[in-house]
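A.B. asks: Could you have a look at this structure, given as structure tokens, before my questions?
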Amino acid sequence: MIDGIELDLMRYCKIYDQDQLDRMTIRQYMKLMKAINLQQVDQQYQIHLSAWVNHQVGATKNVGTEKKPRYEQVFNKFEDFFDYENQIAIAKGEKPVEKEKLTAGIDPEFLELIKQANL
């Protein structure tokens, strides 16, 4: 069992120092493994988000009529899809986050319940 734990620590945590491996407690090991599992979930999230974004980039809209549909790309430039400069300004606190974008797609009744719970 100890060999398996040490191999896990070497493989996932990149801990190769034998003294450090010997001093590690089971509690520390369990916390590290939980952190590794959470990192893997984060990686899966990024993969799925990337797949979703790839799908959205190809989005089209009907600019014709119902009988004579004509489709155009929703995003003609990268900046239409992702405004990098705007996101940098928001991250730096130089610009406020647009509230409607934060709550887009969330049930308004649910938002009202949250608002009431936080009063």
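A.B. asks: If a residue has to be assigned to a helix (DSSP H, G or I) and polar (S, T, N, Q) to count, how many in segment 38-80 make the cut?
C.D. replies: Let us first name the residues in segment 38-80 that are assigned to a helix (DSSP H, G or I), namely 38-57, 78-80.
From the residues that got through so far, the ones that are polar (S, T, N, Q) too are 39-40, 43-44, 46, 50, 54, 56.
The number of residues fulfilling the criteria is 8.
A.B. asks: Looking at the structure I just gave you, is Q39 touching a residue at least 12 places away in the same chain (Cβ under 8 Å), out of contact with any strand residue (DSSP E or B) (no Cβ under 8 Å at 6 or more places or on another chain) and not aliphatic (A, V, I, L, M)?
C.D. replies: Criteria not met by Q39.
A.B. asks: Now for a different question. Looking only at segment 78-97, how many residues end up being open to solvent by 80 Å² or more (accessible area, probe 1.4 Å), modelled with pLDDT of 85 or more and within 20 Å of the chain's Cα centre (by Cα)?
C.D. replies: 3
A.B. asks: Between a residue in segment 55-75 that is touching a residue at least 12 places away in the same chain (Cβ under 8 Å) and any residue that is acidic (D, E) and outside any loop (DSSP other than H, G, I, E, B), which pairs come within a Cβ distance under 8 Å, given they are 6 or more apart or on different chains?
C.D. replies: As it stands, the answer is T60/E72; K61/E72; V74/D80, since those pairs meet every condition given.
The values are calculated or read from the model by the stated rules, or taken from the named source; none is laboratory data. Note that the structure is predicted; figures quoted are calculated from it, not measured. We place every Cβ from the backbone using ideal geometry, glycine too, and count neighbours over all the protein chains shown. Remember, those area values only see protein heavy atoms, side chains included, never the ligands or the DNA or RNA. Shrake-Rupley method; radii C 1.70, N 1.55, O 1.52, S 1.80 Å.
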